[in-house]
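Here the structure is laid out as structure tokens; the discussion comes afterwards.
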Amino acid sequence: MDKRLFAVLGDHWHDPALSEEALRLAVKEAEAALGVSIAVEIVPAQDLAGRLGERPDAVVLYKEDRLNPLDETVRTWMTPETAREITRYVSEGGCWLAWHSGLAGYDREGYYIRMLSGYFEHHPEMQAVTYTRAGGRGQKADTGEAAAVFWDEHYFVHCNVEATNVWLISTSADGRSEAGWRHPYGEGRVSCLTPAHSREALTDPDFISLLAGELTGLLEDKKE
């Protein structure tokens, strides 16, 4: 059976065209792996809560909460009501991928971040970042070999490692952090992935394979 995927993409710091390009490349790999067609619909953030009742098979969020991060008075898009709708959608069987800026700027005590079991804290200047598998569902065990190496924002995150399954680790000259984790949430599933930022990184074949693997894992759980 074909799958439907909603995507909310782009913010002040992230060109939505770049994340959409990467997402569509990854979707092609996921389609081949699953043997299904995946219809991707780009949904405006302000429409998301009202559209979740359509029960897409998965939602991808690559957008931070702040709408105008450089202004004196900063506005955000995710209201407590929207966060509740998102967590309800997932707990009732939906699948959610919080990708890169989809982990950034949200209320750390709110429903959404509690569902994710982690959030973005900071990143240093762009640099070479190595991503290494740490084991997990559908992934090779950690062999110490890099799954991907590219020039990127090295996201340092807070991750509640006791409440999730960390499968990807990032390292750079500035240190080490969790880079990918996943867990069930009610009847649904949550996945978090911290890379990538630049077009070079977003279209890196090794990164596309990482993203495709997460999409495959999320949608495979819902395969009829």
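In whole Å, what are the Cα extents of the stretch 48-113 along the three principal axes, biggest one first?
39, 22, 21
For Cα pairs less than 8 Å apart in space and 6+ apart in sequence, what is the mean separation divided by the residue count of the chain, i.e. the relative contact order in percent?
Worked out over the chain, it gives 22 percent.
Using the C-alpha atoms of the stretch 20-77, what convex hull volume per residue, in cubic angstrom, is computed?
87
For the chain, return all DSSP H helices satisfying: extent of Cα atoms along own axis at least 15 Å; mean Kyte-Doolittle hydropathy at least -0.5.
16-34, 205-220
Ranked from highest to lowest mean number of other Cβ atoms within 10 Å per residue, what is the order of the peptides 202-208, 11-17, 95-101?
The densest-packed peptide leads the list: 95-101, 202-208, 11-17.
Which values of log₁₀ I(q)/I(0), to two decimal places, follow from the Debye formula for the chain at q = 0.11, 0.13, 0.18 Å⁻¹ with a uniform point scatterer at every Cα?
Log-scaled intensity ratios, in q order: -0.48, -0.69, -1.46.
With each pseudo-label sitting 7 Å past Cα toward Cβ, what's the Met126-Ala163 distance in nm, one decimal?
Going from the Met126 label point to the Ala163 one covers 3.4 nm.
Okay, helix-only estimate at 222 nm for the chain: each DSSP H run of n ≥ 4 adds -39500 (n - 2.57), divide by all residues, round to 500 deg cm²/dmol; what do you get?
Here the helix-only value at 222 nm equals -8500 deg cm²/dmol.
How big is D, in µm² s⁻¹, for the stretch 1-45 by Stokes-Einstein at 20 °C and 1.002 mPa s if Rh is the Kirkwood radius over C-alpha pairs?
It diffuses with D of about 191 µm²/s by this estimate.
For an R0 of 25 angstrom, estimate the FRET efficiency from the Cβ-Cβ distance between Glu81 and His12 and round to the nearest 0.05.
It comes out at approximately 0.60.
Quick note: the coordinates plus some simple rules give every number you see, no bench work behind them. Owing to the predicted nature of the structure, the values given are computational and were not obtained by experimental measurement. Cβ sites come from the backbone with ideal geometry, for glycine too, and all protein chains shown count toward neighbours.
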